[in-house]
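Chemist: Let me give you the structure first, and then I'll get to my questions.
Laboratory data are not the source of any read-out in this text; all were calculated from the coordinates shown. On a predicted model such as this, the values are computed, not experimentally measured, just so you know. Cβ: placed from backbone, ideal geometry, glycine included. Neighbour counts: every protein chain shown.
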Amino acid sequence: MPKISEIEGTPNPNSLKFVLKEPLTWGITHSYDNAEQAKDDPLATELFEIDHVTNVFYVDHWITITQDGKANWADLKREVADPIRAAPAAGAQSVDTLAAASTAISDLSTKDQLRLDRINNLLDEEIRPYLQGDGGDLYVVGLEDNILSVHYQGACGTCPSSISGTLRGIEGLLRSIEADIEVVAV
């Protein structure tokens, strides 16, 4: 049962990041935009039963809750804290389970897979730590010609700056390794 170590604000005023003393997962992200998507996840299901919760995103030692902007955070954070504390901590997961959960894009040519690997390495080093620090993340959902499609998770999913400034910053950074790349959020 994870204990909440601290609660942090994020650049998205409708999201809070709960930092935990025990992990909920070992490297496997869980991101849900509604109760239907979360139906097979007991923790997320319970959180969506709370009024105003619109997104649940968690990985390892933190969980980000996003609300619709109509709730008072002082009240809502007390409500969401109970299911978070009651959730089971992550058990030992095998390397096979982690590998199966990877977000690799299938059907890429060898050349495009190498491009994607370089892009993901740069994102892992320069972008994801900052997004995760703010209670969010992103993953690559497509690479076609010079178009890289990414999907924001957690606090980043509904943050106004992620769709404008952050996206342009990511594109600028990636242009250091691929001059013609365009990054789009989906």
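Chemist: Determine, from the Cβ-Cβ distance of Val186 and Glu79 and an R0 of 30 Å, the FRET efficiency 1/(1 + (r/R0)^6), rounded to the nearest 0.05.
Modeler: Working: r = 31 Å, r/R0 = 1.04.
Using R0 = 30 Å, I get an efficiency of 0.45.
Chemist: Next up: Roughly speaking, what is the stretch gain from Ser109 to Asn121, that is 0.36 nm per residue apart minus the C-alpha to C-alpha distance, in nm to one decimal?
Modeler: On the way: separation 12, 0.36 × 12 = 4.32 nm, distance 1.81 nm.
In short, 2.5 nm is gained.
Chemist: How large is the Kirkwood hydrodynamic radius of the stretch 103-185, in angstrom, based on all distinct alpha carbon pairs?
Modeler: Details: mean 1/r = 0.0779 Å⁻¹.
Hydrodynamic radius (Kirkwood, Cα pairs) of the stretch 103-185 is 12.8 Å.
Chemist: Each residue of the stretch 65-77 in turn: what ³J(HN,Hα) in whole Hz from Karplus with 6.51, -1.76, 1.60 and θ = phi - 60°, glycine and Pro shown as x?
Modeler: Computed from phi, the couplings for the stretch 65-77 are 10, 10, 10, 7, x, 9, 9, 7, 4, 4, 6, 5, 5 Hz.
Chemist: Provide the packing ranking of 167-179, 148-160, 61-73, i.e. peptides ordered by the mean count of other C-beta atoms within 10 Å per residue, highest first.
Modeler: Details: 167-179: 14.6, 148-160: 22.4, 61-73: 18.8.
Per-residue mean Cβ counts within 10 Å order the peptides as 148-160, 61-73, 167-179.
Chemist: Where the only charges are on Cβ atoms (+1 Lys, Arg; -1 Asp, Glu), what is the dipole of the chain about its Cα centre, to the nearest 20 debye?
Modeler: Numbers: 14 positive and 30 negative charges, 90 e Å.
For this selection, approximately 440 debye.
Chemist: His52's amide H: which non-local residues (gap 5+, or another chain) put their own amide H closer than 5 Å, with H modeled 1.01 Å from N in plane and none for Pro or chain starts?
Modeler: Amide H to amide H, under 5 Å and 5 or more residues apart or across chains, His52 pairs with nothing.
Chemist: Read phi for every residue in the stretch 174-180 and hand back ³J(HN,Hα) as whole Hz from Karplus 6.51 cos²θ - 1.76 cosθ + 1.60, θ = phi - 60°, with x for Gly and Pro.
Modeler: Values, residue by residue: 5, 5, 5, 10, 9, 4, 9 Hz.
Chemist: Something else about it: Quick one: dipole size for the stretch 103-185, taken about the Cα centre, charges +1 on Lys/Arg Cβ and -1 on Asp/Glu Cβ, in debye to the nearest 20.
Modeler: The dipole of the stretch 103-185 has a size of about 120 debye.
Chemist: Around Arg85, with a cut-off of 15 angstrom between Cβ atoms, what is the net charge of the other residues, counting Lys and Arg +1 and Asp and Glu -1?
Modeler: Numbers: positive: Lys3, Lys21, Lys77, Arg78; negative: Glu6, Glu22, Glu46, Glu79, Asp82.
Taking every Cβ under 15 Å from that of Arg85, the sum is -1.
Chemist: While we're looking at this one, here's another question. If you plug each phi of the stretch 2-16 into the Karplus form 6.51 cos²θ - 1.76 cosθ + 1.60 with θ = phi - 60°, what whole-Hz ³J(HN,Hα) values come out, in order, with x for Gly and Pro?
Modeler: Going residue by residue, I get x, 9, 7, 7, 7, 10, 10, x, 10, x, 8, x, 9, 10, 10 Hz, with x marking Gly and Pro.
Chemist: Moving on. Taking the number of other C-beta atoms within 10 Å as the exposure measure, put Ile181, Ile28 in order starting with the fewest.
Modeler: Working: Ile181 20, Ile28 16.
Taking fewest neighbouring Cβ atoms as first place, the list is Ile28, Ile181.
Chemist: What area, in nm² and to one decimal, does the C-alpha convex hull of the chain cast on average over all directions? Can you show the working numbers first?
Modeler: On the way: hull surface 43.1 nm².
So the Cα hull casts an average projection of 10.8 nm².
Chemist: Please arrange Tyr130, Tyr32 by counting, for each residue, the other beta carbons lying within 10 Å of its beta carbon, fewest first.
Modeler: Details: Tyr130 11, Tyr32 23.
Result, fewest neighbours first: Tyr130, Tyr32.
Chemist: Using only C-alpha atoms and all pairs of different ones, pull out the Kirkwood radius for the stretch 4-86 in Å with one decimal. Walk me through the intermediate numbers first.
Modeler: Values: mean 1/r = 0.0795 Å⁻¹.
Hydrodynamic radius (Kirkwood, Cα only) of the stretch 4-86 equals 12.6 Å.
Chemist: Right, another one. So which of Lys21/Lys77; Lys17/Lys111; Lys39/Lys70 end up more than 27 Å apart, counting from Cα to Cα? Intermediate values should be presented prior to the final figure.
Modeler: Details: Lys21/Lys77 17 Å; Lys17/Lys111 38 Å; Lys39/Lys70 24 Å.
Checking Cα-Cα distances, Lys17/Lys111 exceed 27 Å.
Chemist: So, one more: Which one of Ser15, Tyr152, Ile181 has its Cα pushed farthest toward the positive end of the charge dipole of the chain, where Lys and Arg give +1 and Asp and Glu give -1 at the Cβ?
Modeler: Ser15
Chemist: I've got another one for you. Counting other Cβ atoms within 10 Å, which trypsin sites (Lys or Arg not before Pro) in the stretch 1-31 have at most 12 and lie in a DSSP loop? Don't skip to the end; give the middle numbers.
Modeler: Numbers: sites: Lys3, Lys17, Lys21; in loops: Lys3, Lys21.
Sparse-neighbourhood loop trypsin sites (Lys or Arg not before Pro): Lys3, Lys21.
Chemist: Okay, next question. Under a 10 Å cutoff between Cα atoms, tell me which one of Asn12, Asn55, Asn146 has the largest fluctuation in the Gaussian network model of the chain.
Modeler: It is Asn146.
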